[in-house]
Amino acid sequence: MSDELVRLLDGNTFVVSDSRGDIEASLTDPTGLFSFDCRYLSKWVLTVNGERLNPLSVDDLQYFEARFFLVPGTGTVYVDAKLSVIRQRAVGGGLHEELTILNHDGQPLALTVKLEAGSDFADLFEVKDALKKKGRYHASVKDGQLLLGYEREALHRLTAISASAPAHVDEHGLTFTVQVEPHGRWTTDIDVVVAAGPGGRQVRPKYARGEKRAQPNMGRSLERWLAEAPRLDCDWEPLHAIYRRSLIDLAALRFSPPIAGGASLPAAGLPWFMTIFGRDSILTSLQTLPFTPELAATTLRMLGDWQGSRVDDFRDEDPGRILHELRYGEMTAFEERPHSPYYGCADATPLFVVLLDEYERWTGDRRLVREFEQEARAALAWIDRYGDLMGNGYISYRRRNEQTGLENQCWKDSWDSISYRDGRLPGFPRATCELQGYAYDAKMRGARLAREVCKDPAFAAELEHQATELKRRFNRDFWVQDGQYFALALDADGKQVDSLTSNNGHLLWSGIVEKSKAKAVVRHLLGPRLFSGWGVRTLAEGEARYNPIGYHVGTVWPFDCSFIAWGLRRYGFKAEAATIAAGILDAAELFHGRLPEAFGGYERGVTKYPVQYPTACSPQAWSTGAPLLLLRTMLGLEPLDGHLIVDPALPDSIGTLALFDIPGRWGHTDAYARGRPELRKGARGRRDGSVRQPVRRAPAAGRRSAAARRSAS
Amino acid sequence: MPSRQPTRPNATTEFFRELQTHGHEPSLVKVSGTLRFDIVDDAAAPSHWLVSLKKGEIAVSRKNARADCVVRSDRATFDGVASGRLNAFAALLREALSAQGDVGLLVLFQRLFPPPARSEP
């Protein structure tokens, strides 16, 4: 049944069960009830008269609640049950379950209903790596509650299980002796409360007995979240479903760190990555700024507060460095893992400054910029002081924690992602190209903030000088002359790691590409070696390690493509940006509105459908954010002073596109776009997988002036 | 494993005494609030250190007064934190140290704890 796992989640409390609602986890099996990186239930099995149940259907009511319809007996050809069982479940501060048994017969039913419960209190990292526990377990019954506990030194974990109906409770679970009248029903509520701390400081369950309506733990309900987002109108119907899916998934991906005062930020992915990640939280915040700017604010606050302040080799921490990942589990607590927090990533620090600037441009919230001015200065200082490991003026990375640190500290973080054309892997340090782009952008944006918000023109001038110098050197040192693109990286000898990759698109986004080189880069991004028809491959066809289903060596990543589209817009390649948007949105339609983390790099004409890369993480935050950023690039939304510029360029599948009530420093405003109808007619309904050309004409302007765009030079 | 330099006895007292003369701390200019550290000795009553942060200025006293964040631990743990041997947040996660109230203040205050010894030069 493991192929039909049902996952419910509220922040970083989540439950993964089979389609019966049962949990039978082993140390390596990733089912259970988890909260703050600890598994509080590893066994949760329902039987009626000693028999397991058979699932008829599961309703995923919301991401945080579901209803399981069950009948007794398993493995039989057909079901002829006299009774059925409904298990309605919601997560939030633990688990709440409403168990109902319906008697369909004319005779009364005498039943023994049993819920077996147990917990291994595994750390999420132990589940991943199958490690043994070092503490002591205990189980007891107190006041009709089953208490399951775990202790290691001062660390305490407790699971408390209770029911509203009379039950016999022992150390292995709850047993109900039930009489159900003819055509009658029996019901009980069951609460599973998780707690940490001495004496088991208990968290009150979100959905205590009698509360009939589950609500997520976040500051806002899902309904309000959807109602407050900009409204979309489009003649290409699938975009409505894609947009709604993105907003709902984004709501599910919100994580409220304990010190954030109830505010939430985007976690990286569901369910295993529901925590603060530097890179993922920042990139998702950038994608979603025009829609839900408060996510960016919380991201900046949390990452700013957690900014590195000392040199700590175990955590790969430096002063000014922005964290990679923060965890709360036992292995982190006992420093068997460095995530308290872990700082080993090379891009989050410049990207922090990029987000701070982009956030201010959209929202006009200068107070937050002033509040984090010191952190922004420290991040900018990190780029040159600690990020430049080779002393050559470029950010590079090499972990100092060689046991449990990360080898690859860029977004392409798999072991073989950084290779030369011939497939060789470079040593460390590695200076990947997109890091230099981010550094350039951070300096330019830092300069703008220094001049306009912090009133420090001398610092602004210094940053601009550094940025100009970096851009000049970069265009010389990274340019692969015989290929006419930018190398993936410089190795420890300063030699080019010369394979052709999607990273070139990030360089356009950051603005580090000299205008004279942009056309050649764009030709590659939309050319046959990189562009699959759906999107841009991470590594170009023809490179030695190219593999259409290799994680970072040939697959297409929707988030990557959304930033590439943004980069194309920055350099004025509107039609090309629309081509990328069309490919990714067509893929989104075929994935029922939810884009996976990555999909196969196969030629679109060959497979007709995008081939999903097998992954345990779905939805993933920056894939969820991709359609939102593509909406921005298609509409050509750019804040300028107090206004929102609309400069649309639509793919030919879309005739009209409008976004209402876009929040920002202008209050709320609308954006309209119109494609060319005569081109569109032939395209309607065509879903044969062929590549469509976007509108090449200069598109009709939106309500606002289409003039200004941020200079790309 | 993290670095494991020895814990200095009296590290807690030394840490707070040095903090009294720390002067302006630029990394804390936006922080305003008070933290009280209750250090529990085996037999004796807990000893208190009250730290007040305001626009980068740090004031330290021995008052047992109300604070926005109350941090409590035994002396051995805090000696470890104060000598850079133990990480305060990891200690909080394993409940060797507790924090009540505005835990965000402790996250920021951590910037003042000494770094661990380098595991490589």
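The values are calculated or read from the model by the stated rules, or taken from the named source; none is laboratory data. From a predicted model like this one, the values you see are computed outputs, not experimental measurements. As a convention, Cβ positions derive from the backbone with ideal geometry for all residues, glycine included, and neighbour counts pool all protein chains shown. Areas reflect the complete protein model, heavy atoms only, side chains present, ligands, DNA and RNA absent. Shrake-Rupley method; radii C 1.70, N 1.55, O 1.52, S 1.80 Å.
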Inset, instruction - For residue B:21, work out the one condition from (1) more than 11 Å from chain A (Cβ to nearest Cβ); (2) in contact (Cβ under 8 Å) with a residue 12 or more places away in the chain it doesn't fulfil. - result: (2)
Inset, instruction - Tell me, please, whether a residue that is without any contact (Cβ under 8 Å) to a residue 60 or more places away in the chain, among the hydrophobic types (A, V, I, L, M, F, W, C) and surrounded by 22 or more Cβ atoms within 10 Å (Cβ to Cβ) can be found in the stretch A:125-146. - result: yes
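Quick grid of which residues meet (1) among the hydrophobic types (A, V, I, L, M, F, W, C); (2) open to solvent by less than 50 Å² (accessible area, probe 1.4 Å); (3) touching a strand residue (DSSP E or B) at 6+ places or on another chain (Cβ under 7 Å); (4) more than 14 Å from every other protein chain (Cβ to nearest Cβ):
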position	(1), (2), (3), (4)
A:403	no, no, no, no
A:409	no, yes, yes, yes
A:414	no, yes, no, yes
A:434	no, yes, no, yes
A:439	yes, yes, no, yes
A:452	no, no, no, yes
A:474	yes, yes, no, yes
A:487	yes, yes, yes, yes
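A quick yes/no check of all residues on (1) more than 14 Å from chain A (Cβ to nearest Cβ); (2) modelled with pLDDT under 95; (3) in contact with a Phe, Trp or Tyr (Cβ under 6 Å, 6 or more places away or on another chain); (4) open to solvent by 20 Å² or more (accessible area, probe 1.4 Å):
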residue	(1), (2), (3), (4)
B:27	no, yes, no, yes
B:30	no, yes, no, yes
B:45	yes, yes, no, yes
B:50	yes, no, no, yes
B:53	no, no, no, no
B:103	no, yes, no, yes
Inset, instruction - Could you please let me know if residue A:371 is more than 26 Å from the chain's Cα centre (by Cα), surrounded by fewer than 23 Cβ atoms within 10 Å (Cβ to Cβ) and under 30 Å from residue A:666 (Cα atoms)? - result: yes
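Here's the yes/no breakdown for (1) touching a residue at least 24 places away in the same chain (Cβ under 8 Å); (2) surrounded by fewer than 23 Cβ atoms within 10 Å (Cβ to Cβ):
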| residue | (1), (2) |
| --- | --- |
| A:227 | no, yes |
| A:230 | yes, yes |
| A:268 | yes, no |
| A:277 | yes, no |
| A:280 | yes, no |
| A:283 | yes, no |
| A:295 | yes, no |
| A:301 | yes, yes |
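For (1) open to solvent by 40 Å² or more (accessible area, probe 1.4 Å); (2) modelled with pLDDT under 95, each residue gets a yes or a no:
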position	(1), (2)
A:612	yes, yes
A:617	no, yes
A:644	no, no
A:653	no, yes
A:663	no, no
A:676	yes, yes
A:686	yes, yes
Inset, instruction - Kindly establish whether residue A:295 is more than 11 Å from chain B (Cβ to nearest Cβ) and either in a helix (DSSP H, G or I) or hydroxyl-bearing (Ser, Thr, Tyr) (or both). - result: yes
Inset, instruction - Return the pairs, sorted by first residue and then second, in which the second residue is open to solvent by less than 10 Å² (accessible area, probe 1.4 Å) and among the basic types (Lys, Arg), the first residue lies in the stretch A:321-342 and is at the interface with another protein chain (Cβ under 10 Å from one of its Cβ atoms), the beta carbons are less than 6 Å apart, and the residues are 6+ apart or on different chains. - result: A:338/A:315; A:339/A:327
Inset, instruction - Could you run through the stretch B:83-101 and say how many residues are in a loop (DSSP other than H, G, I, E, B) and more than 9 Å from chain A (Cβ to nearest Cβ)? - result: 2
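Determine whether residue A:518 is surrounded by fewer than 24 Cβ atoms within 10 Å (Cβ to Cβ), farther than 25 Å from residue A:652 by Cα and touching a residue at least 60 places away in the same chain (Cβ under 8 Å). Outline the logic, then answer.
Working: surrounded by fewer than 24 Cβ atoms within 10 Å (Cβ to Cβ): yes; farther than 25 Å from residue A:652 by Cα: no; touching a residue at least 60 places away in the same chain (Cβ under 8 Å): yes.
Taking the combined requirement at face value, the residue does not satisfy it.
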Inset, instruction - Considering (1) surrounded by 20 or more Cβ atoms within 10 Å (Cβ to Cβ); (2) within 14 Å of another protein chain (Cβ to nearest Cβ), say which one residue A:149 fails and leave the rest. - result: (1)
Legend entry - Selection status of residue B:62, more than 10 Å from chain A (Cβ to nearest Cβ) and out of contact with any His (no Cβ under 9 Å at 6 or more places or on another chain): no
Inset, instruction - Output the number of residues of the stretch A:79-123 satisfying the condition of being free of Cβ contacts under 8 Å to residues at least 24 places away in the same chain and assigned to a loop (DSSP other than H, G, I, E, B). - result: 2
Legend entry - Residue that is within 20 Å of residue A:412 (Cβ to Cβ) and either in contact with a helix residue (DSSP H, G or I) (Cβ under 6 Å, 6 or more places away or on another chain) or surrounded by fewer than 23 Cβ atoms within 10 Å (Cβ to Cβ) (or both), where the choices are A:576, A:543: A:543
Legend entry - Given (1) of a type outside the set (Val, Ile, Thr); (2) away from every other protein chain (no Cβ under 11 Å); (3) part of a strand (DSSP E or B); (4) open to solvent by less than 20 Å² (accessible area, probe 1.4 Å), number of the condition residue B:80 does not satisfy: (3)
Legend entry - Members of the stretch B:61-77 found to be part of a strand (DSSP E or B) and among the small types (Gly, Ala, Ser), listed by number: B:61, B:73
